[in-house]
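**Q** Have a look at this one.
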Amino acid sequence: MGITKITKAVVLAGGLGTRMRYLTKDEIPKALVNLKGRTITGTVVSNLREMGIKEVVLAISHHSSMVQRYFGEGSKFGVKISYLIENVPLGTGGWINLADKKQFKEPFMVLNGDDLLMLGKEGLSEFLDLHKKNNAAVSIALMETGNISEKGVADLKGCMIRRFVEKPKPEEAPSNLVSTGNYIFEPEVLSIMPDKEKISLEKDVFPLLASKGRLCGFNLKAKWYSIGSKDEYNKAVKEL
């Protein structure tokens, strides 16, 4: 019998948060910005626990010691937390150079530390089922939106992503389906990364997989908050 659930997630929380400096003042990382009495990434981790995730790997860089002090080993969040620490930001895929690939033997989630996709256990199970049925190396949770300016946009045929375009001009966007920053990875992806220190999933990895017919996308119809800018943050504060 194949795997029926995902229990591990890598959370990308090492960004500088330049669009959130009005809140961080460069004194704290974006991951620790207050969100309704919790923190942005703390809210994301708690949401992962509700989805059935038991082990979280935080990929961190900016103010990494503060993040480690806050999250600890994860007991207060009900998950086991470990860390991949980047001395300098390595992009959305550079964490792979630091990871012990032997620790990734089953499909796992990868997500941005400020993208809150509220799938629940059933939604994540459906996501994994679609991922497996389509023999994807990576599957991206997509969402229809009128605001594509700061997102990766998918050109979708059926479930296959033929092209993945990061932050296109509106007139050049192939669709209105954007990445929610939540992915399912097969372990094999860790072995096909570009041989360089800084790696962009969106520009280096996803287009490569799309060209091989191994990148899938699914509109999962879940509530999503992308808390990376002032407007998005204010929306999350209002609605959560």
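Every number in this text was worked out from the coordinates using simple rules, so none of it is lab data. Bear in mind the structure is a predicted one, so any value in this text is a computation, not a measurement. Note that each Cβ is placed from the backbone with ideal geometry, even for glycine, and that neighbours are counted across all protein chains shown.
**Q** Would you compute, for the Cα atoms of segment 8-239, the largest minus smallest coordinate along each principal axis and list the three values in descending order, in whole Å?
**A** 43, 40, 36
**Q** Here is a follow-up. Mind sorting S149, S125 by how few other Cβ atoms lie within 10 Å of their own Cβ, fewest first? Could the numbers behind the result be given before it?
**A** Values: S149 11, S125 16.
Starting with the residue having the fewest Cβ neighbours, the order is S149, S125.
**Q** Do any of K25/K80; K5/K54; K76/K235 go past 21 Å between their Cα atoms, and which? Intermediate values should be presented prior to the final figure.
**A** On the way: K25/K80 30 Å; K5/K54 11 Å; K76/K235 26 Å.
Violating the 21 Å limit, Cα to Cα: K25/K80; K76/K235.
**Q** At a Förster radius of 30 Å, what calculated FRET efficiency corresponds to the Cβ-Cβ distance of E171 and N219, to the nearest 0.05?
**A** The value I calculate is 0.85.
**Q** Along the charge dipole of segment 8-239, Cβ charges K/R +1 and D/E -1, which of M51, G146, M109 sits furthest on the positive end?
**A** Selected residue: M51.
**Q** Turning to a different aspect of this structure: Please sort by residue number the GluC sites (Glu not before Pro) in segment 28-134 whose DSSP state is loop and whose Cβ has at most 14 other Cβ atoms within 10 Å.
**A** Loop-located and lightly packed - E73.
**Q** Pick out, from L220, L119, S175, the residue whose Cα sits farthest towards the positive end of the charge dipole of the chain, with +1 on the Cβ of Lys and Arg and -1 on the Cβ of Asp and Glu.
**A** Sorting the options by dipole projection puts first L119.
**Q** To check you understand DSSP bridge types, tell me what percent of the beta bridges within the chain (both residues inside) are antiparallel, rounded to 5.
**A** Of those bridges, close to 55 percent are antiparallel.
**Q** Next question, about the same structure. Identify the GluC sites (Glu not before Pro) of segment 185-240 meeting these criteria: DSSP loop state and at most 12 other C-beta atoms within 10 Å of the C-beta. Before the final figure, lay out each step's value.
**A** On the way: sites: E188, E197, E202, E232, E239; in loops: E197.
Here the GluC sites (Glu not before Pro) that fit, given the DSSP loop and packing criteria, are E197.
**Q** Another one. Straight-line reach from K105: which aspartates and glutamates have a Cα under 15 Å away, not including same-chain ones fewer than 8 places off?
**A** Within the straight-line cut-off, K105 pairs with E55, E186, E188.
**Q** Under 12 Å from the Cα of K203, which aspartates and glutamates turn up, not counting those fewer than eight places away in the same chain?
**A** E166
**Q** Compute, for the chain, the length of the dipole vector about the Cα centre, with Cβ point charges of +1 (Lys, Arg) and -1 (Asp, Glu) only. Units Debye, rounded to 20.
**A** 340
**Q** Where does the Debye-calculated log10 I(q)/I(0) of segment 71-188 sit at q = 0.15, 0.19, 0.21 Å⁻¹, using only Cα point scatterers of equal weight, no solvent?
**A** Per q value, in the given order, log10 I(q)/I(0) is -0.83, -1.24, -1.39.
**Q** From a point 7 Å beyond the Cα of Y22 in the direction of its Cβ, which residues of segment 213-240 have a backbone N at a distance under 14 Å?
**A** In segment 213-240, the label zone of Y22 (backbone N under 14 Å from the point 7 Å along Cα→Cβ) covers 228-237.
**Q** Select from the chain the helices, each a whole stretch of DSSP H, whose alpha-carbon atoms run 18 Å or more along the helix axis and whose Kyte-Doolittle mean is at least 0.0; answer none if there are none.
**A** Flagged H segments: there are none.
**Q** Contact order normalised by length for the chain, with contacts defined as Cα pairs under 8 Å and 6 or more residues apart; what percent is it?
**A** Once divided by the residue count of the chain, the mean separation gives 23 percent.
**Q** Do any trypsin sites (Lys or Arg not before Pro) in segment 178-220 lie in a DSSP loop with no more than 16 other beta carbon atoms within 10 Å, and if so, which?
**A** Qualifying residues, ordered by number: K196, K198, K212.
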